[in-house]
Each structure stands twice: as structure tokens, then as C-alpha cells.
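The values are calculated or read from the model by the stated rules, or taken from the named source; none is laboratory data. Just so you know, these numbers come straight off a predicted model, no measurement behind them. Methodologically, a virtual Cβ is constructed for each residue, glycine included, from the backbone with ideal geometry; neighbour enumeration extends over all protein chains shown. What goes into the accessible areas is simple: the full protein's heavy atoms, side chains included, and nothing from ligands, DNA or RNA. Shrake-Rupley method; radii C 1.70, N 1.55, O 1.52, S 1.80 Å.
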Amino acid sequence: MNKKNFRVLRIEGKLSDAERLKKQSNYLRGTILEDLENHLTGGFIGDNYFLIRFHGMYQQDDRDIRIERIAQKLEPRYAMMLRCRLPGGMITPTQWLAIDRFATEKTLYGSIRLTNRQTFQIHGILKKNIKLSHQILHKVGLDALATAHDVNRNVLCTSNAVESEIYYEAYRWAKKLSEYLLPQTRAYAEIWLDEKNKDNIIDQEPILGETYLPRKFKTAIVIPPYNDVDLHANDLSFIAIASEGKLIGFNLLVGGGLSIEHGKKFTYARTASEFGFLPVHKILDVAKAVITTQRDWGNRIDRNNAKTKYTLERVGIEQFKSEVEKRAKIEFKTIHPYELTTRSDHIGWIQGIDNKWHLTLFIENGRLIDYPRSFIKSGVANIAKIHTGHFRLSANQNLIISNVSEKQKSKIENIARQHGLMNEVSLQRVNSMACVAFPTCPLAMAEAERFLPFFVSKIEQIMHKYGMDEEYIILRVSGCPNGCARALLAELGLIGKSPGRYNMYIGGNHIGTRIPRLFRENLTIEEIITLIDKLIASWKEGRNGHEQFGDFVIRTGIVKPILNPIIDFWE
Ligand code: SRM
Ligand code: SF4
């Protein structure tokens, strides 16, 4: 490693305030209960503002009306966003109907937002309805535990593999991993479900530790050839390896992550490193070993430098790997060959190996709401009323109506069509994704979800102009450099800088294994469209055969590939 270019933040000094907060929280209780009774504010005060995140909630306010409220000397309109835990994105129609009703009747926006980590968020929950939201989830066997902050988040599992014999087995491991790595504190049950600690159980956190993890932690199970979960956005990825239709083990990859800060050279996106192969029965031990190594070695001084990707670079990949082997009592075998060929969802019907049908519905930006001309949220609820299989949420923010019998197929299709859920959609739109951003995200610097539909139409027009309608560019728009839309794994990524201005990254690939490079900074939308027009024109003119956009801009030297992000991400 070139030491000169080795960039880390402080690793010695005073612990970050987040560490004090966790330590003093009495296993995530803080004074949330008292705060719930405080009707003078619609929000949470002091440490509780952060502590509620461990319980799957973020405090937000409507940014569209923030200035107006300040002018009127009113408190911002505080409301919570609730994020459910849904390993592998699996949810039953009964569960769906319960959350649909809650979103319709008890929230400010009346919408459900499918996220790119295979779960859903409900925005706009007023303080008085928070407890109810958790109780409704609990009643149908769901929870929001550990979907945010310094814990292992919702565990992903490829959802585009129903034709694979190992899909359900892989999904069961995702569920087990999620449960195994959950916080053990009784705080969630006490605060939200009014459960008393009758047996006087003393709280302990054998895996996460009393002060939990240094930073958020993300886990995924990948079933090749699909990389719909974008494995390189995860701290810990298990690539399922099958032989003769049986799951025989996993390749382990550690240390992916995408978030950066504009211009801060100690931050960078990083693809995960291959550690080796493990047999199926070692998956929980290995997950525990990786997470506890990150727990013990991760940076607790500076949160900007705390994720596993930075720990790995600081201590060395080999050192981290051998610690994991020691803790898991395993010696990793050589990585088994695997091939990833796609990240896209297959929109429409597909038949699984069990002869059941699966319908993937394209939900633009994952936003389910009834629009004046298409009642898509009601459509999904109406499907849930008659569907006897389950729903699966994809990591591309789409919804799969899964396990449909031949008999039910046409009924479900009729409902979907009547509600505008099966309208024609271009390949370009299917392969475009945005994060939430305005008005709810407090960190948004520019529009994303509200801007994407218009922007995709512009790209569609350009593609059409050059006769490229059958092609697509993996496009991602994030409202800020936290990078929630995974723009730093896109062929064309936009990252918000300020309202109406974006940094433009190009050169990722279709399968999500290459980080794109910063191409131009601080562009207006008009400038972006002009540049894209030129780039698509040269791609059309100069591509080799079916060469894809990201590969083309790298091959022709329009941008240089990122070979080692710690050294050349910013060059
Ligand atoms: Fe994210 C913070 C939305 C996936 C990196 N993310 C946020 C918050 C909670 C803002 C906040 O902290 O107050 C956003 C809530 C907006 C809102 O109003 O709903 C938010 N992130 C989302 C979602 C909903 C985007 C979406 O449109 O689907 C995704 C929810 C996933 C889930 O169900 O758990 C979401 N976020 C991601 C991803 C992609 C992924 O995980 O595959 C990333 C990049 C991958 C990574 O972690 O490197 C991501 N979000 C962040 C970060 C930067 C973390 C870091 O490493 O520094 C933040 C800010 C933070 O944590 O400090 C953040
Ligand atoms: Fe908010 Fe930024 Fe994440 Fe978009 S990328 S949801 S703006 S934190």
C-alpha cells in the first residue's frame, strides 16, 4: 500500500458522543418513555432523538414547509418515519393489509415507501401514533427492531431467483442471520409493547456489546447470477454456492460500502474483499466473527471513519481475515467460482421451478400511493385481499406477488392492470433508481425521488434519438453523498450537491462490481442532459458490438477505472 495516500481519520482521542449516548442509554431505553408523555413537542429530545433509531424510527420534519413554519414561529412539523425489519423482503398479504391500513388512516402522507433494502418505510407518523404503529406490526408478527443506527440492519436476500432450487434455503438463512444478530435488550418490548420484565431478565448483548457497533452494519445473501442486492454496498455478503441443485456453502465478502462526503478525501466507496469459502453450517459463526471483529476494532472516535470498509483498510485485509478465522474457528477455503450477470428485476410474470407464478410489479421509486389516475397502493391492497401466496420486496424497490397458482393468475393480473400496476415501462426506467430525499430526508441536498421520473423521460428521449431504445444505462440518483440510491455502483450516478445541482459519476457496470468515477461537478440539470446527450451519441457511434455504456466510457478512456479506491477514488 502506498502509505502517502493512506487516508484515515483520527483513531485516537476522545470517543464520539454517540458512544457516550449508547453507554448511558441503559440498553437503548434512554428516557423515551417519558418523552412519549411530553406533549409540548411533537418530537423527541436530546439523546432520545438518536435512540429511537435503534427502534426503527427517524425523527423528520416536512422540509417543504420548514421555512414557512419558522416564519410563523412554529415548531417544525415533526413526524416519525418507521422502517420495518423484513429479512429477504418477505411479507404475507395479511401483514401487508395491516400496514396498508395504518399508512392510510394514521399518517400524514398516506403512502408506503418500498426501500432498496427490501423493506418498507412509513413516513409521517405523529408522536401520538408511534406506539400504535409498533403494536400493529407486533400483532401481525413483524417489528422495526434494529432497522437503523449502529446495529446489523435488515438482511438482504436475492429476490430474483425463484427459478433456483436454493432460493428458499438461502432466504431461511437470511432470516436466521437477521434474528441471530438482533439486539437482545428488552427495551423495544417494554417501551412499545408494554411488556413487563416479569422474570427480571438482566439485559446483555453478547454479540453487539453494551455500546453496540461503531456504525451501521449491512448484510446480504446473494444467489448468483443475480446481484439485485448490490452486494458491494454491504459490510458482509454471503454468495450462495450450489452444486447439483444443493446449497453447499457460501463465498464470504467483507467491507463493501458506498457513502462519501463531497470533497473529503478520507471517505471513499469501496467494493467488498473476497475472504474465502465456508460450508453452510458455519454461516452464523462467521457472521458473528465478522461483526464482533468490527465491533472491537472499528473506529469509535470518528464516525466518518467507522464503517467496516475503513477498519479493513486500516488494519489490513489479511489481519482482519485471520481474526475472523480465529473467532469463527474456521480456515476459509479458496473462493468457489461464481458469475454475476444481472442486477435488474424481471418485470412481469415468471414461472418458478415449482410451477408457481411470480409477478414483479414495477413501482417507480418504491413509492406506493394512490395517484389521481392510478390507484397503485389500493391495487396492491386489493391483490393482498385475494392472494394466497406471499409478497417479496426487491432491492430495486419493486414488489413481487409470489407463489400465484395458475387459477389465480388472471384475477391478480386484472386487478394489477385496473390499478395501473402493469403499465408499459421502458428498460431504462426499470433500471433507474432514486433515494427518498425531499421532503422528508433531513440530509437531502437536492431532489432525487421527485426528480427521477422527469429525468428518466429525458434520457429515454435521448436514447430514442440515437436508436438505442432497446438499451439501458444503470442510473441512480442520490440526494446527497450518503449515497442511499447506490449511485456509486451505477453506470451513471448523480449525487446531489445543492438544490438543482449534482455531481456526475460514470463508469460503473451492469452487474454492480465496479465503482464509477467523478466525471463533472456541480452541474445543473440542463448541463447534465447536454453532457448525457453527447456521451450517448459517442457510445452509439463507437461501441464495440453490444458494449454497455459503463464499459464503453472506461474502454475509451472517457474516465479512468478506479483500481484501488483508497488511492485513486478522488484522482
Ligand atoms: Fe440511507 C441515512 C434512506 C439505503 C447510506 N438513509 C438515511 C436516512 C435515514 C436519513 C437520516 O439519517 O436521517 C434516509 C431516510 C430518508 C427518508 O425520508 O426516508 C435514508 N437509505 C434510505 C433508503 C430508504 C433509500 C431508498 O430510497 O430506498 C434506503 C433504506 C434501506 C433500508 O431499508 O434499510 C437506504 N442508505 C442506503 C444505502 C444503500 C444500501 O444499503 O444498499 C446506503 C449506501 C450503502 C452504504 O451504507 O454504504 C445508505 N443512509 C446512508 C448513509 C451513509 C452511511 C455511511 O456509511 O456514512 C446515511 C447517513 C448516516 O447513516 O449517517 C443514510
Ligand atoms: Fe437522504 Fe442522502 Fe440518503 Fe438520499 S442519499 S435518502 S438525500 S441521506
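Things worth noting here:
- Three-way shape label, the stretch 429-568, alpha-carbon gyration tensor, a/c 1.5: oblate
- Protein accessible area in the chain, 1.4 Å probe - carbon and sulfur %: 51 percent
- Note that the stretch 359-427, at 37 °C in a medium of 0.692 mPa s, gets a Stokes-Einstein diffusion coefficient of 270 µm²/s from its Kirkwood radius over C-alpha pairs.
- Candidates I347, I52, L523 compared by Cα position along the dipole of the chain: farthest toward the positive end lies I52, with charges placed on Cβ.
- Too-long pairs where the Cα-Cα distance tops 18 Å, listed order kept, from K218/K333; K106/K131; K356/K377; K175/K288; K246/K326; K264/K309: K218/K333; K356/K377; K246/K326
- When the chain is described by a simple charge dipole with +1 on each Lys and Arg Cβ and -1 on each Asp and Glu Cβ, the residue from L231, T293, I401 located farthest towards its positive end is T293.
- With a Cα cut-off of under 19 Å and a minimum spacing of 8 residues unless on different chains, the lysine pairs in the stretch 429-568 number 5.
- Since only Y466, G542, M504 are under comparison, the one whose Cα sits farthest along the positive direction of the charge dipole of the stretch 429-568, derived from C-beta charges on Lys, Arg, Asp and Glu, is M504.
- With the convex hull of its Cα atoms as the shape, the stretch 104-160 has an orientation-averaged projected area of 4.9 nm².
- Partners for K176 among aspartates and glutamates (Cα-Cα distance below 14 Å; same-chain residues under 8 apart left out): D285
- 10 °C / 1.306 mPa s Stokes-Einstein diffusion coefficient of the stretch 306-384, Kirkwood radius on C-alpha pairs, µm²/s: 88 µm²/s
- Rounded to the nearest 20, the size of the Cβ-charge dipole of the stretch 429-568 about its Cα centre is 260 debye, with Lys and Arg at +1 and Asp and Glu at -1.
- Under the Debye formula (equal points on every Cα, no solvent term), log10 I(q)/I(0) of the chain at q = 0.11, 0.13 Å⁻¹: -1.06, -1.56
- Gyration tensor (alpha-carbon) shape descriptor, the stretch 493-571, a/c threshold 1.5: oblate
- Cysteines of the chain lacking any other cysteine Cβ under 4.7 Å from their own Cβ: C84, C157, C441, C480.
- Net charge of neighbours whose Cβ lies under 15 Å from the Cβ of L231, counting Lys and Arg as +1 and Asp and Glu as -1: +3
- The stretch 177-274: trypsin sites (Lys or Arg not before Pro) in DSSP coil with no more than 10 other Cβ atoms inside 10 Å: K196, K198
- Prolate/oblate/rounded call for the stretch 177-288, Cα gyration tensor, a/c under 1.5 rounded: oblate
- Neighbour cut-off at most 13 other Cβ (10 Å), DSSP loop, GluC sites (Glu not before Pro), the stretch 216-300: E244, E261
- Packing rank of 35-46, 141-152, 380-391, where each peptide gets the mean count of other beta carbons within 10 Å, highest leading: 141-152, 380-391, 35-46
- Calculated mean residue ellipticity at 222 nm for the chain: -9000 deg cm²/dmol, from DSSP H runs with n ≥ 4 weighted as -39500 (n - 2.57), summed, divided by the residue count and rounded to 500.
- Accessible-area value, E190, 1.4 Å probe, nucleic acids and ligands omitted, Å²: 50 Å²
- Estimated dipole of the chain in Debye, rounded to 20 [Cβ of Lys and Arg +1, of Asp and Glu -1, Cα centre]: 780 debye
- Take every DSSP beta bridge whose two residues both sit in the stretch 429-568; close to 60 percent of them are antiparallel.
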